[in-house]
1. Return yes or no: is Val134 among the aliphatic types (A, V, I, L, M), out of contact with any Lys or Arg (no Cβ under 6 Å at 6 or more places or on another chain), on the phi < 0 side of the Ramachandran plot and surrounded by fewer than 16 Cβ atoms within 10 Å (Cβ to Cβ)?
2. Kindly establish whether Gly113 is modelled with pLDDT under 90, more than 19 Å from Ala62 (Cα to Cα) and in contact with a Ser or Thr (Cβ under 9 Å, 6 or more places away or on another chain).
3. Restricting to the range 70-93, name every residue that is closer than 24 Å to Val145 by Cβ, crowded, with 21+ Cβ neighbours inside 10 Å and not hydrophobic (A, V, I, L, M, F, W, C).
4. With a cut-off of at least 1 residues that are over 18 Å from Thr347 (Cβ atoms), name the strands (runs of 3 or more DSSP E) lying wholly within the range 228-273.
5. Going by what's in this entry, would Leu136 be described as at pLDDT 85 or above and in a helix (DSSP H, G or I)?
6. Under 27 Å from Gly343 (Cβ atoms) and modelled with pLDDT under 85: does that describe Arg245?
7. Look through Ala160, Ala171 and report the one residue that is under 30 Å from Asp262 (Cβ atoms), part of a helix (DSSP H, G or I) and open to solvent by 40 Å² or more (accessible area, probe 1.4 Å).
8. Please specify each residue of the range 328-355 satisfying the condition of being open to solvent by 80 Å² or more (accessible area, probe 1.4 Å) and touching a residue at least 60 places away in the same chain (Cβ under 8 Å).
Amino acid sequence: MSRYTPRLRATVAGSCGALGLLTTPARVLPLAVLVVVTVTVLPVLQSHWHHRPQRVFQAVNAVVITLVGLSQVVIGPKQPSAWIFAVVSIASATCHFEWPATPWTAGGITVLGVLGFCGGSWLAGGGPAVADGVRLLVQATLVRVGLSLARRAARTSDDAIDRAARHKVAASVAQARRATERAMLATLHDTASTTLLMVSRTDSDDLTWLREQAGRDLARLAAPPPDPSGHVDLSELLDSLTAFRGMNVSLDIPPRVVLPADAGLAVFDGVREALENIRRHTSDRRPRISARVDDESLHVQVQDRGPGFRQEDVPLHRCGLAYSIQARMTAAGGRADVHSVPGTGTTIVWTWPNA
(Lines give C-alpha, C1' and ligand atoms only; values in the text may rest on other atoms or scores of the structure.)
Protein backbone atom coordinates (compact mmCIF):
# COMPACT_ATOMS: atom_id res chain seq x y z
CA MET A 1 0.00 0.00 0.00
CA SER A 2 1.30 3.46 -0.84
CA ARG A 3 1.83 5.61 2.24
CA TYR A 4 1.06 8.72 0.20
CA THR A 5 -2.47 7.81 -0.91
CA PRO A 6 -3.99 8.22 2.61
CA ARG A 7 -2.17 11.53 3.02
CA LEU A 8 -3.53 12.76 -0.29
CA ARG A 9 -7.03 11.69 0.72
CA ALA A 10 -6.63 13.49 4.05
CA THR A 11 -5.54 16.68 2.30
CA VAL A 12 -8.30 16.72 -0.32
CA ALA A 13 -11.13 15.46 1.91
CA GLY A 14 -10.09 17.75 4.77
CA SER A 15 -9.98 20.75 2.44
CA CYS A 16 -13.42 19.99 0.99
CA GLY A 17 -14.82 19.47 4.49
CA ALA A 18 -13.27 22.68 5.81
CA LEU A 19 -14.85 24.67 3.00
CA GLY A 20 -18.14 22.88 3.59
CA LEU A 21 -18.17 24.01 7.20
CA LEU A 22 -18.68 27.57 5.99
CA THR A 23 -22.16 26.65 4.75
CA THR A 24 -23.08 24.29 7.59
CA PRO A 25 -25.87 25.51 9.93
CA ALA A 26 -24.65 26.45 13.40
CA ARG A 27 -26.91 23.92 15.13
CA VAL A 28 -25.10 20.97 13.53
CA LEU A 29 -21.67 22.58 13.28
CA PRO A 30 -20.10 20.44 16.06
CA LEU A 31 -21.13 17.24 14.30
CA ALA A 32 -19.85 18.55 10.97
CA VAL A 33 -16.53 19.47 12.59
CA LEU A 34 -16.30 15.96 14.05
CA VAL A 35 -16.89 14.41 10.63
CA VAL A 36 -14.29 16.63 8.95
CA VAL A 37 -11.71 15.96 11.67
CA THR A 38 -12.36 12.22 11.44
CA VAL A 39 -11.96 12.00 7.66
CA THR A 40 -8.79 14.10 7.95
CA VAL A 41 -7.07 12.47 10.92
CA LEU A 42 -7.88 8.85 10.07
CA PRO A 43 -5.85 8.74 6.83
CA VAL A 44 -2.95 10.50 8.55
CA LEU A 45 -2.89 7.87 11.28
CA GLN A 46 -3.17 5.19 8.63
CA SER A 47 -0.11 6.53 6.78
CA HIS A 48 1.96 6.57 9.99
CA TRP A 49 0.81 3.13 11.15
CA HIS A 50 1.01 1.43 7.76
CA HIS A 51 2.85 -1.51 9.34
CA ARG A 52 -0.15 -2.36 11.51
CA PRO A 53 -2.70 -5.01 10.40
CA GLN A 54 -4.62 -3.47 7.51
CA ARG A 55 -7.88 -5.22 8.36
CA VAL A 56 -8.32 -2.77 11.23
CA PHE A 57 -7.98 0.23 8.91
CA GLN A 58 -10.23 -1.38 6.32
CA ALA A 59 -12.98 -1.89 8.90
CA VAL A 60 -12.59 1.64 10.28
CA ASN A 61 -12.68 3.12 6.78
CA ALA A 62 -15.85 1.18 5.98
CA VAL A 63 -17.53 2.43 9.15
CA VAL A 64 -16.41 6.04 8.71
CA ILE A 65 -17.44 6.34 5.05
CA THR A 66 -20.86 4.89 5.92
CA LEU A 67 -21.33 7.29 8.87
CA VAL A 68 -20.25 10.26 6.77
CA GLY A 69 -23.07 9.54 4.32
CA LEU A 70 -25.58 8.91 7.13
CA SER A 71 -24.60 12.17 8.84
CA GLN A 72 -27.02 13.85 6.44
CA VAL A 73 -29.77 12.67 8.79
CA VAL A 74 -28.54 15.29 11.27
CA ILE A 75 -26.77 17.81 9.03
CA GLY A 76 -29.36 17.71 6.29
CA PRO A 77 -29.41 16.29 2.75
CA LYS A 78 -26.52 17.39 0.55
CA GLN A 79 -26.36 17.85 -3.19
CA PRO A 80 -23.60 16.31 -5.37
CA SER A 81 -21.76 19.63 -5.21
CA ALA A 82 -21.67 19.57 -1.40
CA TRP A 83 -18.74 18.51 0.77
CA ILE A 84 -20.23 15.23 2.06
CA PHE A 85 -20.60 13.95 -1.49
CA ALA A 86 -17.03 15.05 -2.21
CA VAL A 87 -15.70 13.20 0.84
CA VAL A 88 -17.58 9.99 -0.04
CA SER A 89 -16.49 10.30 -3.67
CA ILE A 90 -12.83 10.76 -2.74
CA ALA A 91 -12.85 7.90 -0.22
CA SER A 92 -14.63 5.47 -2.55
CA ALA A 93 -12.06 6.16 -5.28
CA THR A 94 -8.82 6.30 -3.28
CA CYS A 95 -9.53 3.11 -1.32
CA HIS A 96 -8.73 1.17 -4.51
CA PHE A 97 -5.25 2.68 -4.56
CA GLU A 98 -4.75 2.03 -0.85
CA TRP A 99 -5.56 -1.68 -1.19
CA PRO A 100 -4.90 -2.57 -4.84
CA ALA A 101 -4.31 -6.24 -4.05
CA THR A 102 -7.71 -6.70 -2.38
CA PRO A 103 -10.31 -5.49 -4.90
CA TRP A 104 -13.22 -7.03 -2.99
CA THR A 105 -12.34 -5.05 0.13
CA ALA A 106 -12.04 -1.79 -1.80
CA GLY A 107 -15.25 -2.59 -3.66
CA GLY A 108 -17.05 -3.28 -0.38
CA ILE A 109 -15.95 0.06 1.07
CA THR A 110 -17.19 1.78 -2.11
CA VAL A 111 -20.60 0.08 -1.88
CA LEU A 112 -20.95 1.00 1.80
CA GLY A 113 -20.09 4.61 0.99
CA VAL A 114 -22.69 4.73 -1.78
CA LEU A 115 -25.34 3.10 0.41
CA GLY A 116 -24.49 5.44 3.28
CA PHE A 117 -24.79 8.55 1.11
CA CYS A 118 -28.00 7.42 -0.64
CA GLY A 119 -29.50 6.14 2.62
CA GLY A 120 -28.55 9.31 4.51
CA SER A 121 -30.10 11.49 1.81
CA TRP A 122 -33.30 9.42 1.82
CA LEU A 123 -33.59 9.36 5.64
CA ALA A 124 -32.97 13.13 5.74
CA GLY A 125 -35.88 13.70 3.36
CA GLY A 126 -33.87 14.53 0.28
CA GLY A 127 -34.85 11.45 -1.71
CA PRO A 128 -32.90 8.23 -2.38
CA ALA A 129 -30.34 10.03 -4.62
CA VAL A 130 -30.15 7.04 -6.94
CA ALA A 131 -28.49 9.03 -9.73
CA ASP A 132 -25.79 10.22 -7.33
CA GLY A 133 -25.21 6.66 -6.14
CA VAL A 134 -24.86 5.42 -9.72
CA ARG A 135 -22.39 8.24 -10.39
CA LEU A 136 -20.31 7.18 -7.39
CA LEU A 137 -20.35 3.54 -8.51
CA VAL A 138 -19.38 4.40 -12.10
CA GLN A 139 -16.56 6.60 -10.83
CA ALA A 140 -15.20 3.87 -8.56
CA THR A 141 -15.51 1.27 -11.35
CA LEU A 142 -13.54 3.44 -13.75
CA VAL A 143 -10.88 3.95 -11.09
CA ARG A 144 -10.64 0.20 -10.54
CA VAL A 145 -10.40 -0.54 -14.27
CA GLY A 146 -7.74 2.13 -14.76
CA LEU A 147 -5.77 0.83 -11.79
CA SER A 148 -5.97 -2.74 -13.09
CA LEU A 149 -4.72 -1.66 -16.52
CA ALA A 150 -1.88 0.32 -14.95
CA ARG A 151 -0.85 -2.64 -12.79
CA ARG A 152 -0.96 -4.97 -15.78
CA ALA A 153 1.18 -2.57 -17.80
CA ALA A 154 3.60 -2.31 -14.86
CA ARG A 155 3.86 -6.10 -14.63
CA THR A 156 4.47 -6.31 -18.38
CA SER A 157 7.16 -3.65 -18.07
CA ASP A 158 8.75 -5.45 -15.12
CA ASP A 159 8.77 -8.71 -17.07
CA ALA A 160 10.42 -6.97 -20.02
CA ILE A 161 13.04 -5.46 -17.72
CA ASP A 162 13.68 -8.87 -16.14
CA ARG A 163 14.06 -10.49 -19.55
CA ALA A 164 16.44 -7.76 -20.68
CA ALA A 165 18.47 -8.19 -17.48
CA ARG A 166 18.65 -11.97 -17.99
CA HIS A 167 19.69 -11.50 -21.61
CA LYS A 168 22.34 -9.00 -20.51
CA VAL A 169 23.71 -11.43 -17.95
CA ALA A 170 23.70 -14.25 -20.50
CA ALA A 171 25.49 -12.02 -23.02
CA SER A 172 28.06 -11.04 -20.40
CA VAL A 173 28.68 -14.68 -19.53
CA ALA A 174 29.01 -15.59 -23.21
CA GLN A 175 31.37 -12.67 -23.78
CA ALA A 176 33.50 -13.68 -20.79
CA ARG A 177 33.56 -17.27 -22.06
CA ARG A 178 34.66 -16.13 -25.51
CA ALA A 179 37.33 -13.90 -23.97
CA THR A 180 38.61 -16.86 -21.95
CA GLU A 181 38.66 -19.04 -25.04
CA ARG A 182 40.55 -16.36 -27.00
CA ALA A 183 43.06 -16.01 -24.17
CA MET A 184 43.56 -19.78 -24.10
CA LEU A 185 44.01 -19.86 -27.88
CA ALA A 186 46.59 -17.10 -27.64
CA THR A 187 48.43 -18.90 -24.82
CA LEU A 188 48.42 -22.19 -26.72
CA HIS A 189 49.71 -20.42 -29.79
CA ASP A 190 52.49 -18.71 -27.83
CA THR A 191 53.60 -21.93 -26.14
CA ALA A 192 52.83 -25.45 -27.29
CA SER A 193 51.92 -24.63 -30.91
CA THR A 194 55.04 -22.54 -31.41
CA THR A 195 57.27 -25.20 -29.86
CA LEU A 196 55.75 -27.93 -32.05
CA LEU A 197 56.26 -25.74 -35.11
CA MET A 198 59.92 -25.24 -34.14
CA VAL A 199 60.35 -29.00 -33.81
CA SER A 200 58.76 -29.64 -37.21
CA ARG A 201 61.05 -27.11 -38.92
CA THR A 202 64.37 -28.00 -37.32
CA ASP A 203 66.92 -29.80 -39.48
CA SER A 204 69.10 -30.84 -36.57
CA ASP A 205 68.90 -34.03 -34.55
CA ASP A 206 69.93 -32.10 -31.44
CA LEU A 207 66.74 -31.47 -29.52
CA THR A 208 68.31 -30.89 -26.11
CA TRP A 209 66.65 -27.44 -26.05
CA LEU A 210 63.22 -29.05 -26.28
CA ARG A 211 63.11 -30.20 -22.64
CA GLU A 212 63.74 -26.67 -21.35
CA GLN A 213 61.31 -25.13 -23.82
CA ALA A 214 58.58 -27.66 -23.02
CA GLY A 215 59.07 -26.98 -19.31
CA ARG A 216 58.53 -23.27 -19.90
CA ASP A 217 55.44 -24.01 -21.97
CA LEU A 218 53.93 -26.23 -19.28
CA ALA A 219 54.66 -23.67 -16.57
CA ARG A 220 52.96 -21.00 -18.66
CA LEU A 221 49.88 -23.14 -19.30
CA ALA A 222 49.58 -24.10 -15.61
CA ALA A 223 50.05 -20.54 -14.32
CA PRO A 224 46.91 -18.89 -12.89
CA PRO A 225 45.54 -15.84 -14.72
CA PRO A 226 46.99 -12.52 -13.56
CA ASP A 227 45.22 -10.58 -10.84
CA PRO A 228 43.54 -7.64 -12.65
CA SER A 229 43.97 -5.51 -9.52
CA GLY A 230 47.76 -6.10 -9.49
CA HIS A 231 50.49 -4.18 -11.32
CA VAL A 232 53.64 -5.13 -13.22
CA ASP A 233 56.77 -3.27 -14.28
CA LEU A 234 56.70 -3.46 -18.08
CA SER A 235 60.31 -2.22 -18.34
CA GLU A 236 61.51 -5.18 -16.29
CA LEU A 237 59.48 -7.61 -18.42
CA LEU A 238 60.77 -6.18 -21.70
CA ASP A 239 64.35 -6.17 -20.40
CA SER A 240 64.14 -9.97 -20.11
CA LEU A 241 63.78 -10.17 -23.92
CA THR A 242 67.21 -8.73 -24.83
CA ALA A 243 68.57 -12.18 -25.69
CA PHE A 244 65.34 -13.68 -26.97
CA ARG A 245 66.14 -17.09 -28.50
CA GLY A 246 69.59 -16.13 -29.69
CA MET A 247 68.68 -12.67 -31.02
CA ASN A 248 70.36 -9.43 -29.94
CA VAL A 249 67.37 -7.21 -29.19
CA SER A 250 67.97 -3.46 -28.91
CA LEU A 251 66.02 -1.73 -26.11
CA ASP A 252 65.10 1.95 -25.78
CA ILE A 253 62.67 2.01 -22.86
CA PRO A 254 62.18 4.06 -19.68
CA PRO A 255 63.73 2.62 -16.51
CA ARG A 256 60.31 1.93 -14.97
CA VAL A 257 56.81 1.67 -16.48
CA VAL A 258 54.19 0.37 -14.02
CA LEU A 259 50.93 -0.84 -15.56
CA PRO A 260 47.89 -2.87 -14.48
CA ALA A 261 48.73 -6.55 -14.77
CA ASP A 262 46.34 -7.32 -17.63
CA ALA A 263 47.61 -4.43 -19.78
CA GLY A 264 51.29 -5.01 -18.97
CA LEU A 265 51.14 -8.73 -19.71
CA ALA A 266 49.16 -8.12 -22.90
CA VAL A 267 51.93 -5.83 -24.17
CA PHE A 268 54.69 -8.20 -23.02
CA ASP A 269 53.09 -11.30 -24.54
CA GLY A 270 52.44 -9.39 -27.78
CA VAL A 271 56.05 -8.18 -27.98
CA ARG A 272 57.31 -11.70 -27.35
CA GLU A 273 55.06 -13.05 -30.09
CA ALA A 274 56.31 -10.33 -32.44
CA LEU A 275 59.92 -11.33 -31.71
CA GLU A 276 59.05 -14.96 -32.37
CA ASN A 277 57.56 -13.97 -35.74
CA ILE A 278 60.72 -11.98 -36.55
CA ARG A 279 62.94 -14.95 -35.64
CA ARG A 280 60.79 -17.34 -37.64
CA HIS A 281 60.07 -15.33 -40.79
CA THR A 282 63.06 -12.99 -41.21
CA SER A 283 66.83 -13.04 -41.06
CA ASP A 284 66.96 -9.93 -38.88
CA ARG A 285 68.51 -10.84 -35.53
CA ARG A 286 68.73 -7.27 -34.20
CA PRO A 287 65.14 -6.03 -33.87
CA ARG A 288 64.47 -2.89 -31.85
CA ILE A 289 62.03 -2.38 -28.97
CA SER A 290 61.20 1.17 -27.87
CA ALA A 291 58.71 2.59 -25.40
CA ARG A 292 57.56 6.06 -24.43
CA VAL A 293 54.90 7.58 -22.21
CA ASP A 294 53.15 10.82 -23.16
CA ASP A 295 49.82 12.38 -22.25
CA GLU A 296 49.10 9.49 -19.89
CA SER A 297 49.36 7.01 -22.79
CA LEU A 298 51.92 4.27 -23.30
CA HIS A 299 53.36 3.50 -26.73
CA VAL A 300 55.52 0.42 -27.28
CA GLN A 301 57.06 -0.27 -30.68
CA VAL A 302 58.83 -3.27 -32.21
CA GLN A 303 60.69 -2.77 -35.50
CA ASP A 304 62.51 -5.21 -37.73
CA ARG A 305 64.37 -4.94 -40.99
CA GLY A 306 62.82 -8.04 -42.50
CA PRO A 307 61.14 -8.48 -45.89
CA GLY A 308 57.77 -7.21 -44.65
CA PHE A 309 54.41 -8.58 -45.78
CA ARG A 310 50.87 -7.65 -46.78
CA GLN A 311 48.37 -8.25 -43.99
CA GLU A 312 45.66 -9.37 -46.41
CA ASP A 313 47.95 -12.22 -47.46
CA VAL A 314 48.13 -13.68 -43.92
CA PRO A 315 46.16 -16.99 -43.84
CA LEU A 316 43.06 -16.97 -41.64
CA HIS A 317 44.32 -19.92 -39.59
CA ARG A 318 47.38 -17.96 -38.41
CA CYS A 319 46.63 -16.72 -34.88
CA GLY A 320 49.75 -14.70 -34.11
CA LEU A 321 48.54 -11.26 -35.16
CA ALA A 322 44.82 -11.84 -34.64
CA TYR A 323 44.86 -13.41 -31.16
CA SER A 324 48.28 -13.20 -29.54
CA ILE A 325 48.82 -9.53 -30.40
CA GLN A 326 45.73 -7.58 -31.45
CA ALA A 327 42.81 -9.35 -29.69
CA ARG A 328 44.78 -9.72 -26.45
CA MET A 329 45.60 -5.99 -26.41
CA THR A 330 42.03 -5.01 -27.23
CA ALA A 331 40.77 -7.11 -24.30
CA ALA A 332 43.15 -5.19 -22.01
CA GLY A 333 41.73 -1.81 -23.10
CA GLY A 334 44.37 -0.86 -25.65
CA ARG A 335 45.15 -1.49 -29.28
CA ALA A 336 47.92 -2.94 -31.44
CA ASP A 337 48.57 -1.54 -34.92
CA VAL A 338 50.61 -3.43 -37.50
CA HIS A 339 52.41 -1.49 -40.24
CA SER A 340 54.19 -3.53 -42.89
CA VAL A 341 55.02 -3.06 -46.54
CA PRO A 342 56.88 -5.69 -48.57
CA GLY A 343 60.56 -4.77 -48.75
CA THR A 344 60.54 -2.24 -45.88
CA GLY A 345 60.23 -4.36 -42.76
CA THR A 346 57.47 -4.43 -40.14
CA THR A 347 56.55 -2.13 -37.27
CA ILE A 348 54.03 -3.03 -34.53
CA VAL A 349 52.83 -0.37 -32.12
CA TRP A 350 50.99 -1.10 -28.86
CA THR A 351 49.00 1.79 -27.34
CA TRP A 352 47.44 1.79 -23.89
CA PRO A 353 44.90 2.94 -22.99
CA ASN A 354 43.07 3.08 -26.28
CA ALA A 355 42.34 6.77 -26.94
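The values are calculated or read from the model by the stated rules, or taken from the named source; none is laboratory data. If you're wondering where the values come from, they're calculated on a predicted model, not measured in any experiment. Here Cβ is always computed from backbone atoms with ideal geometry, including for glycine, and neighbour counts include all displayed protein chains. We work out accessible area using only protein heavy atoms, side chains counted, and drop any ligands, DNA or RNA first. Shrake-Rupley method; radii C 1.70, N 1.55, O 1.52, S 1.80 Å.
1. yes
2. Considered against the rule, which asks whether it is modelled with pLDDT under 90, more than 19 Å from Ala62 (Cα to Cα) and in contact with a Ser or Thr (Cβ under 9 Å, 6 or more places away or on another chain), Gly113 comes out as no.
3. Ser89, Ser92
4. Working: elements: 231-233, 250-252, 258-260.
Counting at least 1 such residues, we get 231-233, 258-260.
5. Yes; evaluated as a whole, the condition is true for this residue.
6. yes
7. Exactly one residue qualifies, and that residue is Ala171.
8. Ala331 - this is the single residue of the range 328-355 that is open to solvent by 80 Å² or more (accessible area, probe 1.4 Å) and touching a residue at least 60 places away in the same chain (Cβ under 8 Å).
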